[in-house]
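Accompanying notes for the structure given below.
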Amino acid sequence: MRLLIRINTMSRIKSQGKRAALPKSNKLKPNVKQEEPSSPSSYHFFDDPAELKLFRSHLLSWYDQSKRELPWRTVAMKEQDVNIRTYAVWVSEVMLQQTQVATVVDYYNKWMKRWPTVQTLAEASLEEVNQMWSGLGYYSRGRRLHEGAQKVVSELGGQMPRSAEALLKQLPGVGRYTAGAISSIALGQVTGAVDGNVIRVLCRVRAIGADSTSPVVTEALWKIAETLVDPKRPADFNQALMELGATVCTPKNPGCARCPIQTHCHAYKKVSLKQEKDTKRLLNKLDSKLNCSVPDIENCLSGSCKLCLSEGWDSELGVQNYPRKPMKKAPRVERTLTCVLHRQSDQGEIQYLLIQRPSKGLLAGMWELPSMLLEEGISEKKHRGLLSAEVQRVLGTSPDEESFQYLGEVVHIFSHIHQTYVVYSATVSLYSEAEREQKISWLSDAALQAAAVSTGVKKIMKLYYECTSKLKDTKVNKKRKQSTDSGKDNQAKQSKRRQERSTDGGPKQLSLSRFFTSSKPANS
């Protein structure tokens, strides 16, 4: 019995010894991780409180003197109603995505005049929104604004979200940047905002040369932005950083000489140092020891930093070495058959057929001309037949294939599609009024100009008008020529008649002497 107890006791001790040894084996794992590339170097961040304070001061002083007067900034500063202010900034931020400020200003003013509150936008139809957005591009943005406004009214009691977290969660189409920008500018929340302009500024200021779209760079940039934002003036600071990227620290030909944060910029220091060394080499004043390849003092000293340039420094680029972007994926190439189909109304007005696109997908809800995607290998001989079949499907009737007139080609570039429209025109008189899967509309010239159509459709109609104008000019010139030729023929005929009359003994002009007789002299 004692022997059995002793055996069990020894077994428990051994078992406990094994369990106690487990943590020792686990302690080896961190040692393995330490051999992996280290975390980004402090060289790429702002660790000095004094520099941080000076950076904010320099940037905000410049912004106070150089900022552009923009309508959404005026609303953000003067509008007392927080709901209207948040809505107005939201509209501006969505419009500014992928679109230049100069283009946005007019669209923004028209939009806010028509829909000054989130409630008025929610009451609008998608077609009205698309019509207002027409020509601005990236049409899904307008649709997201409309959806968001309807959600705010129906689910949030008409009150715009009051924080970056709520904006990100509750509004469709609002990402991390848009939420940060709206909350800091409209609500005064101390949060960073990293858009394309800010990415470029921060990558140059902290010499971040790795792929700017990679997760590690993205998180580093947000960390820097959150550190930099001025707690007393978050709205002005974020807008100042964006303004600097848009007007000074531009993608090409940046204005480094007039940059307010030049002394904080690692990229600028690196360029200056290299220029200084090159100058000394040219003057033969550089010590021979320095001629060998040694790291610059402005370089990150970490040999495995994930934020440094992955490629070699290009002296010709200078500060434009930062940021580095990956090669863009080539856009998909498509060819589309399109027809400008027109008719004459009862009032004698020319009208054009438009078809509404589906509510989802590319150019959702927009109006377009009858079109169909061309598959590879389709010859030009089949174009008219395909268009005739498409018009037959839409209207229930179609012109003869031979009546389709070729006008030319129009190229339009979407963000991911290189589109070529092969354009024809045709006239139709009668068509079926039966129900259709797609909504159609016949629009006059004036109505078409104001309709919710894409830039591609506008380009196609421009080609059509040019061709029509040339055709009219040709007909007018032909009539003029015919009239001129007819006049010349009449003159020739009249001249010929006169000649024939003279030859045949017709009426002749008598000599004046025949009207006078000489009187005989009187007898003397």
Next on the checklist: Would you confirm whether or not region 262-272 contains a residue that is assigned by TED's automatic domain parsing to the domain that holds Ile208, small (Gly, Ala, Ser) and modelled with pLDDT of 80 or more?
Outcome noted: yes
Item to check | Within region 370-404, considering residues that are free of Cβ contacts under 8 Å to residues at least 24 places away in the same chain and surrounded by 11 or more Cβ atoms within 10 Å (Cβ to Cβ), the one nearest to Gln356 (Cα to Cα) | outcome: Arg393
Next on the checklist: I'd like to know if region 244-259 contains one or more residues that are among the β-branched types (Val, Ile, Thr) and outside any helix (DSSP H, G or I).
Outcome noted: yes
Next on the checklist: For region 357-368, check the following and say yes or no: at least one residue is surrounded by 14 or more Cβ atoms within 10 Å (Cβ to Cβ) and either modelled with pLDDT of 90 or more or assigned to a helix (DSSP H, G or I) (or both).
Outcome noted: yes
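Conditions (1) surrounded by fewer than 12 Cβ atoms within 10 Å (Cβ to Cβ); (2) part of a helix (DSSP H, G or I); (3) at pLDDT below 95; (4) not assigned by TED's automatic domain parsing to the domain that holds Gln189, marked per residue:
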{"position": "Ile7", "(1), (2), (3), (4)": "yes, yes, yes, yes"}
{"position": "Leu22", "(1), (2), (3), (4)": "yes, yes, yes, yes"}
{"position": "Ser39", "(1), (2), (3), (4)": "no, no, yes, yes"}
{"position": "Asn83", "(1), (2), (3), (4)": "no, yes, no, no"}
Checklist entry - Exactly one of (1) assigned by TED's automatic domain parsing to the domain that holds Ala220; (2) surrounded by 14 or more Cβ atoms within 10 Å (Cβ to Cβ) is unmet by Glu123. Its number? => result (2)
Item to check | Search result, residues across region 47-67 that are in a loop (DSSP other than H, G, I, E, B) and exposed (fewer than 12 other Cβ atoms within 10 Å of the Cβ) | outcome: Asp47, Asp48
Next on the checklist: Can you say whether Val152 is among the β-branched types (Val, Ile, Thr) and crowded, with 20+ Cβ neighbours inside 10 Å, as far as the supplied structure shows?
Outcome noted: yes
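Which is within 25 Å of the chain's Cα centre (by Cα) and not assigned by TED's automatic domain parsing to the domain that holds Thr213, of Glu376, Glu390, Glu368, Glu349? Before the answer, list the steps.
Numbers: Glu376 fails: within 25 Å of the chain's Cα centre (by Cα); Glu390 fails: within 25 Å of the chain's Cα centre (by Cα); Glu349 fails: within 25 Å of the chain's Cα centre (by Cα).
None of the other options fit; the residue is Glu368.
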Next on the checklist: Only one of Asp236, Asp230 is outside any helix (DSSP H, G or I), in contact (Cβ under 8 Å) with a residue 40 or more places away in the chain and either buried (at least 21 other Cβ atoms within 10 Å of the Cβ) or not β-branched (Val, Ile, Thr) (or both). Can you tell me which?
Outcome noted: Asp230
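The values are calculated or read from the model by the stated rules, or taken from the named source; none is laboratory data. Fair warning: this is a prediction, and the values are worked out from it, not measured in the lab. In this analysis, Cβ positions are derived from the backbone assuming ideal geometry, glycine residues included, and neighbour counts consider all displayed protein chains.
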